[in-house]
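Working notes for the structure below.
The values are calculated or read from the model by the stated rules, or taken from the named source; none is laboratory data. All figures in this text were calculated on a predicted structure; none of them were measured in a lab. Backbone-built Cβ (ideal geometry, glycine too); neighbour counts: all protein chains shown.
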Amino acid sequence: MKSEWAKSDAGDMAEIVVDNLTKVWNSAPAVDGISFTCASGEFTVLLGPSGCGKSTTLRLIAGLEQPTAGTVAIGGRDVTRRSPAERGIAMVFQSYALFPHLSVAENILFGLKVRGVPRAERDERLKRAAQTLGLTHLLDRKPAALSGGQRQRVALGRAIVADAAVCLMDEPLSNLDAQLRQEMRAEIRSLQRRLGMTMIYVTHDQVEAMTMSDRVVLMRDGRIEQQGTPAELYDRPASGFAARFLGTPPMNLLPWAVGAGLVPGALANGTGGSIGVRPERLRLGPPGPGLTATVAAIEYLGADTLLTLDAAGVKLIARTDGHERHRVGETVGVSCAAGDLHFFDAASGRRVEANGNGCNRPEQGGEA
Amino acid sequence: MSRLRTSIHASLLLLPAVVLLAAFTHVPAVRTFIGALYTTPRGKRPAVFVGLDNYRQLLDDPVFWQAMANNVWYAALTIPLSVVLALVMALAVDARLPGRAALRMAYFTPTVLPMIAVANIWLFFYTPGYGLLDQVLGLFGLPETNWLGSRDSALYAVIAVAVWKEAGFFMIFYLAALQTIPHDLREAAAIEGASRFTFFRRVTLPLLMPTTLFVLVNAVIGAFRLVDHIVVMTRGGPDNATALLLYYIYEIGFRFWDSAYAATLTTVLLAILAVLAAVQFLFLERRIHYR
């Protein structure tokens, strides 16, 4: 077989190790010394706002850009100076990058033909990929005659037919409508599991990150803000940025004075930092000794209702049950459990661990 | 009522363009076809209907056949040479290299120059003895050549001028087309392990086919239409070695004032162009992917 790298036994052969990777464009670092490991068969999402360097990171891993410093290793092999083709990867582009003049079948088979895979095996692999993705009846069509979702599938087909152990995806769902996006999320995830591919997936959509990934690498300004499982990032955000980026609606970040009112008496008077609390952790009741706020706006979503509250000029959002009835202008008391509070340093925005039972005021500027 | 007014308005608005087109394009074309069936009116002798006599004369005219042969040879060389050169130049200046704007301008300059000026420049290049070409060749000890004065080289000399003039023009179309090819196609192919040549053959070239058809049609028309440099450089000589069809028509029509025979030749030229255009569309159209 000519494509000696193509067959993965899905062992540890496809671990991706990114070490101190740096890319500088005209003296401005786009990727600034990032390191992370994506274990074989794992689904890692590179998440971040636009311009955070996540796409550049993916392109560095693919070999489409050369790093200024640092290394990329795939399957224990340093591939930093290797061409994209030598890295044993497949890639799905945001635009799908389908060849407009070739039929679906030819698009999927492009790489196999280039690599001189024998015809019989090519046909066999095409058949398998087409069945997996439900493309069998579309094989003779040109990309222009396909819907967005079908084009997406062809791009996926091109990636899986290569039998590469590593698959890189650059915002593959951003051109699809919401309904389709949800379907494809599940489909890509199950495909990745079934084929045992090591996947690195770039997105700015935190829902995709939360729902699809084994691990999330959250990036900001070319650096890694936090990495871990989706639950780790959601439950213990490492910074105010991470806290606001994951979760819809985002975590409430409140000035100390306002946040302290959520758990009356538990927090000493403090000056530094902000207090974060997830909207679903807020409890509403009659106005009491704690924080009082007026209901400024109500968004009824069916299963739950989002209330925008105004506490003396500070906005916070609470998620309540769909059947709970409130009126705009109503005054309510807002509270939460002490354990649901997150503390962030004022200067750096980094997480500050609460002492003891988690409800004392953290040391000023402590371990940030 | 108002519909009538609308259509009157519309007709009036169309009228100037229709009049100009008809007066200077359609009526002369039709009169050419008709004129080819009559003799040339001279003095008090009016034109007489002679049917296909003019065409019979044409078949027996050695200069016509010489001009046809010249033109076929001229087209057969200028078209592929200028199109391939245009593609190569476009690929060169499409690449990321320093000073590519200057290079693009250099390639395009011949197109901007009037053909008369180009012909005069090349006239100097070809001048025996002290012309640029002979001076350069002289450095290698090669003898003087009368490029435009020799039957063997004159046609090639004017072909070179036409290629030089046309290639830059076609390059612009190729360059524009190349820039519409998304960059991620190249990256997708690179990940699949396609070499640059494979990418060019399997992706770039097919995606350039609509442009190629357009350029080819233009090149074919150009090969039969562009004779300015013949007028300046050789006047069809020596011994009709560079007489192209259109130049021959010009000579017959406006130097010998044989308008009937000129009309006959023109009809033949139009027929050739029509057939060539039809062939190109029918054969190439099927193989072209339009986005």
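Quick check on B:THR211: is it among the polar types (S, T, N, Q) and modelled with pLDDT under 85?
It is false that B:THR211 is among the polar types (S, T, N, Q) and modelled with pLDDT under 85.
Would you pick out the residues in the stretch A:154-181 that are under 15 Å from A:LEU109 (Cβ atoms) and in a helix (DSSP H, G or I)?
Listed by number, the residues that qualify are A:VAL154, A:ALA155, A:LEU156, A:GLY157, A:ARG158, A:ALA159, A:ILE160, A:VAL161.
Given the criterion modelled with pLDDT of 90 or more and closer than 18 Å to A:TYR201 by Cβ, identify the matching residue among A:GLY63, A:GLY149, A:GLY70, A:GLY88.
A:GLY63
Give just the number: which of (1) part of a strand (DSSP E or B); (2) without any contact (Cβ under 8 Å) to a residue 24 or more places away in the chain does A:GLU232 not satisfy?
Here A:GLU232 clears every test but (1).
If A:ALA39 meets every condition in (1) surrounded by fewer than 18 Cβ atoms within 10 Å (Cβ to Cβ); (2) within 13 Å of chain B (Cβ to nearest Cβ) apart from one, which number is that one?
For A:ALA39, the failing item is (2).
Any idea which residue in the stretch A:339-368 is modelled with the lowest pLDDT, counting only those that are assigned to a loop (DSSP other than H, G, I, E, B) and closer than 16 Å to A:ASP235 by Cβ?
A:GLY358
Would a scan of the stretch B:25-32 turn up a residue that is of a type in the set (Ser, Thr, Tyr) and buried (at least 17 other Cβ atoms within 10 Å of the Cβ)?
yes
Hey, which of the helices (runs of 4 or more DSSP H) in the stretch B:1-71, taking only ones fully inside, have at least 3 residues that are over 17 Å from B:ILE249 (Cα atoms)?
Where helices (runs of 4 or more DSSP H) fall fully within the stretch B:1-71 and carry at least 3 residues being over 17 Å from B:ILE249 (Cα atoms), they are B:2-21.
Restricting attention to the stretch B:220-227, does a residue exist that is modelled with pLDDT of 90 or more, in contact with a Leu (Cβ under 7 Å, 6 or more places away or on another chain) and either under 24 Å from B:GLN66 (Cα atoms) or within 14 Å of chain A (Cβ to nearest Cβ) (or both)?
Within the stretch B:220-227 (the criterion being modelled with pLDDT of 90 or more, in contact with a Leu (Cβ under 7 Å, 6 or more places away or on another chain) and either under 24 Å from B:GLN66 (Cα atoms) or within 14 Å of chain A (Cβ to nearest Cβ) (or both)), the answer is no, since none of the residues qualifies.
For the stretch B:215-287, which helices (runs of 4 or more DSSP H) that fit wholly inside it have 2 or more residues that are farther than 28 Å from B:PHE125 by Cβ?
So the answer is B:245-254, B:259-285.
Which ones in the stretch B:95-151 are in contact (Cβ under 8 Å) with a residue 60 or more places away in the chain and of a type in the set (Asp, Glu)?
Within the stretch B:95-151, no residue meets the criteria.
Identify all residues within the stretch A:82-123 that are surrounded by fewer than 23 Cβ atoms within 10 Å (Cβ to Cβ), β-branched (Val, Ile, Thr) and facing another protein chain (nearest Cβ under 8 Å); write none if there are none.
A:VAL114
Keeping to the stretch A:209-229, report how many residues are over 30 Å from A:THR68 (Cα atoms) and not β-branched (Val, Ile, Thr).
Going through the stretch A:209-229 one residue at a time, the tally reaches 2.
Residue-by-condition table, conditions (1) more than 14 Å from every other protein chain (Cβ to nearest Cβ); (2) of a type outside the set (Ser, Thr, Tyr); (3) closer than 19 Å to B:TYR74 by Cβ; (4) out of contact with any Leu (no Cβ under 8 Å at 6 or more places or on another chain):
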{"site": "B:ALA106", "(1), (2), (3), (4)": "yes, yes, no, yes"}
{"site": "B:LEU133", "(1), (2), (3), (4)": "yes, yes, no, yes"}
{"site": "B:LEU148", "(1), (2), (3), (4)": "yes, yes, yes, no"}
{"site": "B:SER153", "(1), (2), (3), (4)": "yes, no, yes, yes"}
{"site": "B:ALA177", "(1), (2), (3), (4)": "no, yes, no, no"}
{"site": "B:PRO182", "(1), (2), (3), (4)": "no, yes, no, yes"}
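What is the number of the single condition among (1) within 22 Å of B:PRO80 (Cα to Cα); (2) among the small types (Gly, Ala, Ser); (3) within 14 Å of chain A (Cβ to nearest Cβ) that B:GLY168 does not meet?
(3)
Could you please let me know if B:LEU284 is surrounded by fewer than 22 Cβ atoms within 10 Å (Cβ to Cβ) and at pLDDT below 85?
For B:LEU284, the condition - surrounded by fewer than 22 Cβ atoms within 10 Å (Cβ to Cβ) and at pLDDT below 85 - is met.
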